[in-house]
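Below is one structure; the comments refer to it alone.
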Amino acid sequence: MKRLIILTLLMGLVFGIPAHQTAFGVGSTKGKVIRLTAKKFAYSPAEITVKKGEPVVLELTSKDSKHGFNLPDFGVRADVKSGSVSRVSFTPDKVGRFTFACDIYCGSGHEDMSGTLVVTE
Amino acid sequence: MKSIDRRDFMKLAGLGGVVFASGLGFPVFGSKEGKSIVQDDFHFVQFSDTHWGFNGAAINPDAQGTLKKAVAAVNSLEEQPDFVVFTGDLTHTTDDPKMRRERLKGFQDVVSGLRAKTVYFMAGEHDAALDKGEAFQERFGKLNYTFDHKGVHFIVLDNASDPAGLLGETQLKWLQDNLKKRHANAPIVVLTHRPLFDLYPQWDWATRDGASAIKALMPFQNVTVFYGHIHQEHHHMTGHIAHHAAKSLMFPLAAPGAVPKRAPIAWDTNAPYQGLGFRDIEAYIKKSRYEIHELPVVKG
């Protein structure tokens, strides 16, 4: 736990963000790190490929207003803000194509703001 | 209004339509105070997702006319509804606050042509999420409220003005306080925009804290929810609570998860207005049931 707090503080220093803005999801914070950027009205990248059973850490940032990131098939969600990094971690336990979407209404293209997580064996 | 049976109602509706029966089974009525309550049968109309201001000829080439036709269809009913409810997304979203207000006014101008003069409005995220319901409240008043009609307690919940699609702690407390005054057998109808249950969160078809509202409603034996948002007829049970989604009056959407991305279904020139419509809901109080009549925009 002590190491985790130190890591969180270091991340805050590196990314210039307060530690309390770093969100951790369920599971380990160690794993394949994937950076995902949100902006009206798309995610970049829009498709992410990971392997079943391998821990994943998503680092989420927004280039404009507040967005959401919701991946309900794995119980993962976070607010995505400009000027800070939200981190969510999980270990995919099933293969397939799964939709993630913005769940904070952000304007006329909100309904189009989604992406795909591809989980392979 | 006189009591009418189902056969009479279909004749009065004059439009045909699909009927969905929803058993309520409410033998006891009223508030805990035991006030005498009128128990006549009645019917009301649900309009939803009218998206006034939408522009897209491939999706709906009659965007300016569909709502007007639906208003005319309701006005043509020989037996007028006791009231009409609009379960959100009255207007199509715009980032421009001035245009938002113009669209809300334009929408109101059209629906002011309804013969039924008692009308209840709810906000959808297209109306209210970008300004937390400011423009909506200027024109239509509160975002959440209650009203009573012939023994049925109606609760309007706002799950659209918060951009996160939350009811919020304040509103949930308000709901709980309101329910404390109800008898466990009292007939309760909840009107809201988004589904209170997780219909398909992958398409944002959910209310993040909707489970808290359902939990608060669960001790009540006779609860029915009417909502919109998903632009199609849909029926679902959470325990004994029935949830009924209404069609849109601008464009239909695909069934949850049926296509990779949520998107409007294109207009079919061979079947104009297909997938669009409104519903008439008949509350047969003495027979302890509702009947939902799905009605088209224009006669087929």
Cβ-Cβ distance below 6 Å, separation of 6 or more or different chains: which pairs start in region B:158-173 with a residue that is surrounded by 22 or more Cβ atoms within 10 Å (Cβ to Cβ) and end on one that is not small (Gly, Ala, Ser) and not in a loop (DSSP other than H, G, I, E, B)? B:Ala160/B:Glu125
List the residue pairs whose Cβ atoms are under 6 Å apart, where the first residue sits in region A:82-102 and is more than 12 Å from every other protein chain (Cβ to nearest Cβ), the second is part of a loop (DSSP other than H, G, I, E, B) and aromatic (Phe, Trp, Tyr), and the two are 6 or more positions apart or on different chains. A:Arg87/A:Phe24
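Based on what the data block shows, is A:Gly75 within 11 Å of chain B (Cβ to nearest Cβ) and at pLDDT 95 or above? Outline the logic, then answer.
On the way: within 11 Å of chain B (Cβ to nearest Cβ): yes; at pLDDT 95 or above: yes.
Spelling it out, A:Gly75 is indeed within 11 Å of chain B (Cβ to nearest Cβ) and at pLDDT 95 or above.
Collect the residues in region A:65-108 that are assigned to a strand (DSSP E or B) and either surrounded by fewer than 17 Cβ atoms within 10 Å (Cβ to Cβ) or aromatic (Phe, Trp, Tyr) (or both), keeping them in residue-number order.
First, the residues of region A:65-108 that are assigned to a strand (DSSP E or B): A:67-71, A:76-80, A:82, A:86-90, A:96-101.
Correct list: A:Phe69, A:Ser82, A:Phe90, A:Gly96, A:Arg97, A:Phe98, A:Phe100.
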Quick check: anything in region B:199-206 free of Cβ contacts under 8 Å to residues at least 60 places away in the same chain, under 30 Å from B:Thr170 (Cβ atoms), among the hydroxyl-bearing types (Ser, Thr, Tyr) and in a strand (DSSP E or B)? yes
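Would you confirm, using the coordinates I've provided, whether B:Ile214 is buried (at least 21 other Cβ atoms within 10 Å of the Cβ), free of Cβ contacts under 8 Å to residues at least 40 places away in the same chain and touching a strand residue (DSSP E or B) at 6+ places or on another chain (Cβ under 8 Å)? Spell out the reasoning first.
Working: buried (at least 21 other Cβ atoms within 10 Å of the Cβ): no; free of Cβ contacts under 8 Å to residues at least 40 places away in the same chain: yes; touching a strand residue (DSSP E or B) at 6+ places or on another chain (Cβ under 8 Å): yes.
No, not satisfied.
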Restricting to region A:48-72, and then to whatever is of a type in the set (S, T, N, Q) and within 12 Å of chain B (Cβ to nearest Cβ), can you tell me which residue is nearest to A:Gly96 (Cα to Cα)? A:Asn70
Would you call B:Thr93 within 14 Å of chain A (Cβ to nearest Cβ) and at negative phi? yes
Does at least one position in region B:168-177 carry a residue that is more than 22 Å from B:Met237 (Cβ to Cβ) and small (Gly, Ala, Ser)? yes
Would you confirm whether or not region A:109-121 contains a residue that is touching a residue at least 24 places away in the same chain (Cβ under 8 Å), assigned to a strand (DSSP E or B), more than 8 Å from chain B (Cβ to nearest Cβ) and more than 18 Å from A:Ser44 (Cα to Cα)? yes
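Mind listing whichever residues of region B:251-300 are under 17 Å from B:Val85 (Cβ atoms) and not aromatic (Phe, Trp, Tyr)? Quick ask: steps written out before the conclusion?
Residues of region B:251-300 under 17 Å from B:Val85 (Cβ atoms): B:277-283, B:290-295.
Hits for region B:251-300 are B:Gly277, B:Arg279, B:Asp280, B:Ile281, B:Glu282, B:Ala283, B:Glu291, B:Ile292, B:His293, B:Glu294, B:Leu295.
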Looking at region B:186-211, which of its residues are under 24 Å from B:Val85 (Cα atoms) and either away from every other protein chain (no Cβ under 14 Å) or among the aromatic types (Phe, Trp, Tyr) (or both)? B:Ala186, B:Pro187, B:Ile188, B:Val189, B:Val190, B:Leu191, B:Thr192, B:Leu196, B:Phe197, B:Trp205
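Looking at B:His193, B:His243, can you tell me which residue is buried (at least 19 other Cβ atoms within 10 Å of the Cβ) and free of Cβ contacts under 8 Å to residues at least 60 places away in the same chain? Explain how you work it out, then say what you get.
On the way: B:His193 fails: free of Cβ contacts under 8 Å to residues at least 60 places away in the same chain.
Unique residue meeting the criteria: B:His243.
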If the requirement is being within 30 Å of B:Asp40 (Cβ to Cβ) and within 14 Å of chain A (Cβ to nearest Cβ), which of these qualifies: B:Gly113, B:Gly88, B:Gly133, B:Gly124? B:Gly88
Take region B:149-185 and flag every residue that is in contact with a helix residue (DSSP H, G or I) (Cβ under 6 Å, 6 or more places away or on another chain) and within 14 Å of chain A (Cβ to nearest Cβ). B:Ala160, B:Ser161
Pairs needed: first member in region B:45-62, farther than 17 Å from A:Gly107 by Cα; second member anywhere, part of a loop (DSSP other than H, G, I, E, B) and among the basic types (Lys, Arg); C-beta distance under 9 Å; at least 6 residues apart or different chains. B:Ser48/B:Lys247
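The values are calculated or read from the model by the stated rules, or taken from the named source; none is laboratory data. Treat the numbers as computed from the prediction; the structure is a model and nothing was measured. Neighbour counts are summed over all protein chains in view; Cβ atoms, including those assigned to glycine, are modelled from backbone coordinates with ideal geometry.
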